[in-house]
Every structure is written in C-alpha cells, then in structure tokens.
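J.: So that we are looking at the same thing, I have put the structure below in structure tokens.
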Amino acid sequence: MLQDIVVHSIRSFQSDCQKLCHQHYPAVHNGGMAEQHLGLAFSRRLAASFSHFGQSASITALDSKNDSKSSTDYRISSSMGSIWVITHHFVNANVATKERLLTHLQQWQAENCYAVQHKDIVVIIADHWINRCSHSRGIIHWWQNSLPADLDSYARQGVKLLYADSCLSDLLRNRLKMTPTYIHYTHPLQRTISQEPVLKYTQLFAIIQP
C-alpha cells in the first residue's frame, strides 16, 4: 500500500512541479529545483495522497533542527508505516555527484537505522538538467539501466542520450544492501506554447526497501 501511495504521488507531482515552475521562473529553468523545495513539495504531495486514500500522515524534517524550509530529508509517518524521503540535485551528474548521493544514503542509514521498521520504504527523488557532457547524457540510463524507447523525441530537442557504464540499482545493492523495487523518471515541465514536455529537465524517482 505504501508503494501504491508513492506511485500515485509521483504521477500527481508533475502538475505540482508545473505550478512551482510558474511561481519560481526562471530559477527552475536555470538550474532545476533546490533540494529543499523539491523534498518538501514531494513530501506534501505524499501527505495529500495519504488523505486521498483516507489515511492521515504527518511530515517530519530529519535535519536542520526540524526546519522544514531548509531540510532535504523527510519522514512521512502513518499507521501503515513510514515513507522516508531523500532528496538529491544532480548539478552535473558526474562521478562525484553520484558518489555524494550514495554518501547521503549511507549517512541516512547510520542516523535512522534504529527507527526504520520492516514495512517502511525509502524514496529517493532527484532532478537534473541534461547538458552536453557525457555523464549528464547518461543519467537516465544510469538511473534505470535502460534508455527511453523514443530517442528521436529527445534528439529533436537537442538531447542525445548515452549509455552509462554503471547503474544505480547495482550500486545500491552492492554498496548499501538496499533493494530498489520501483525506478522511474519524468519530464514534468512543459513548453508554454506547444505543451510538449521539456526533455532536458528530468526528475528521477526510486523506491527502495531499506
């Protein structure tokens, strides 16, 4: 049930992002969403999804002394279990940035392992503006270990995706003993006139059994 709520939230979150983009333009278009804004917005969407399914939930910031405006990690608690949200912004998608995500997850494990229950799940939410660098063009393949079927659509927007030499799932299993159960990506922003998705901007989601 928790995974169903997260998947429902991911689908609904695209419209949330479009509203945020209008409110914070051109900041989102210039560099993506700040980790603090991304994590809090998705946590609020999760809480709304709990309400949609007739459940109550509370949001707790895990860092910054419970200051939800500056936190990047959250716990959404409910009677069914907790959803732990880990937020990451890929500035350039190079090896160091990917390593920072793994370090972030390792730190979360060390600080919260005592509180995690067997029915809980972890959600990683990240975003990235794809550029001409090879690491950036390989971010989608690195995230989900496959490329989109419609590569021509990306090429028409100047995005030439590449294969990556590793993948997130293997790193999570081998380094952190985490098992991904659902991996997904979206392109929530739309062009103003044509309403086509902006394929250079992507949001990345992973649901993990901790």
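The values are calculated or read from the model by the stated rules, or taken from the named source; none is laboratory data. The model shown is predicted, which means the values in this text are computed figures rather than measured ones. Cβ placement follows ideal geometry from the backbone for every residue including glycine, while neighbour counts extend to all protein chains displayed. Calculation scope for accessible area: heavy atoms of the full protein, side chains included, ligands and nucleic acids excluded. Shrake-Rupley method; radii C 1.70, N 1.55, O 1.52, S 1.80 Å.
J.: Does Ala93 satisfy the condition of being in contact (Cβ under 8 Å) with a residue 40 or more places away in the chain, buried (at least 22 other Cβ atoms within 10 Å of the Cβ) and assigned to a loop (DSSP other than H, G, I, E, B)?
T.: Working: in contact (Cβ under 8 Å) with a residue 40 or more places away in the chain: yes; buried (at least 22 other Cβ atoms within 10 Å of the Cβ): yes; assigned to a loop (DSSP other than H, G, I, E, B): yes.
Spelling it out, Ala93 is indeed in contact (Cβ under 8 Å) with a residue 40 or more places away in the chain, buried (at least 22 other Cβ atoms within 10 Å of the Cβ) and assigned to a loop (DSSP other than H, G, I, E, B).
J.: Filter the range 80-97 down to residues that are hydroxyl-bearing (Ser, Thr, Tyr) and at pLDDT below 95 and give me whichever is farthest from the chain's Cα centre (by Cα).
T.: Looking at residues that are hydroxyl-bearing (Ser, Thr, Tyr) and at pLDDT below 95, I get Thr97.
J.: Restricting attention to the range 98-139, which residues are in a loop (DSSP other than H, G, I, E, B), small (Gly, Ala, Ser) and modelled with pLDDT under 95?
T.: Ala115
J.: Something else now. Look at the range 187-202 and say how many of its residues are touching a helix residue (DSSP H, G or I) at 6+ places or on another chain (Cβ under 7 Å), open to solvent by less than 10 Å² (accessible area, probe 1.4 Å) and either of a type in the set (S, T, N, Q) or not in a loop (DSSP other than H, G, I, E, B) (or both).
T.: Result for the range 187-202: 1.
J.: While we're on this one: If we keep just the residues of the range 171-186 that are in a strand (DSSP E or B) and more than 16 Å from His88 (Cβ to Cβ), which is nearest to the chain's Cα centre (by Cα)?
T.: Tyr182
J.: Say whether the condition of being closer than 19 Å to Val91 by Cα, part of a strand (DSSP E or B) and among the small types (Gly, Ala, Ser) is met by at least one residue in the range 163-170.
T.: No; the residues of the range 163-170 include none that is closer than 19 Å to Val91 by Cα, part of a strand (DSSP E or B) and among the small types (Gly, Ala, Ser).
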